[in-house]
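*Asks:* First, the structure itself, so that you have it in front of you.
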Amino acid sequence: MMKKRKKTIAAAIVGSSILIGGIWLINEERYPNAPAFDDHFTRKFLNKDKKVDDGFYEFESKTGQYTMWFPEEYQLLHENEQQYVKEGKVYERYRAVSNSNELEYMTVEFSNKIKKNESIYVERLFQEQFNSNKPYKIETRNVSIYYDKAYAYFKGTHRQVTREKEGYVPNEYVAYIADKHSNSVIKFYFDNVKAELNERQGREQDKRIMKILKSVQFDDFKDTRN
């Protein structure tokens, strides 16, 4: 009787394991076959049913204040509390790395900035990053996008920045995206420190970065603290 009971319990355990494993497998198969969805933390931010363009899925901020396009080969870093930071609905910062090239990163920082001081914030950002206060600017109905790009490298311990010079393909991008209807802003940083790109690769990179910048959509929430 005891042996029979043990066999019954063992069979039940095996059966449960198979059932749980089957459910897990079904759930995993619901996600797209892309590095971004292989990571359980990253997939929490992505809409698996919304592939917005070739190589991109929609990213929804946990603040609920914005969405943007997210490269499907990227994953969010989250090994420590500094890699992903969120404070309620007013602040969020994340860093993501390319799964295909671990030397390619992007950092996105959402916050609230006083609208009337926008020109000051913009000038300070690009002066600090590229020693320049004349970024490119794109205006849409809802946002203002300020951005610049450069080839940056180190000469000894000193960081050198070269902008708009023939033969130098940009490996850094910086952007300041401001909502026209609220105090919401996003600062965007991209770094590609792998081997130097050729002109064709540079054009492809530029196209991808611009898609990300133009994809940002802020929530309809109106901030009245102007």
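*Asks:* Amide H neighbours of V143 under 5 Å, at least 5 residues apart or on other chains, H built in the peptide plane: list them.
*Replies:* Placed amide hydrogens put K180 under 5 Å from V143.
*Asks:* What ranking of V97, V108 comes out by heavy-atom accessible area, probe 1.4 Å, highest first?
*Replies:* The ranking, largest first, comes out as V97, V108.
The values are calculated or read from the model by the stated rules, or taken from the named source; none is laboratory data. All values derive from a computational prediction rather than experimental measurement. Heavy atoms of the whole protein, side chains included, go into the accessibility calculation; ligands, DNA and RNA do not. Shrake-Rupley method; radii C 1.70, N 1.55, O 1.52, S 1.80 Å.
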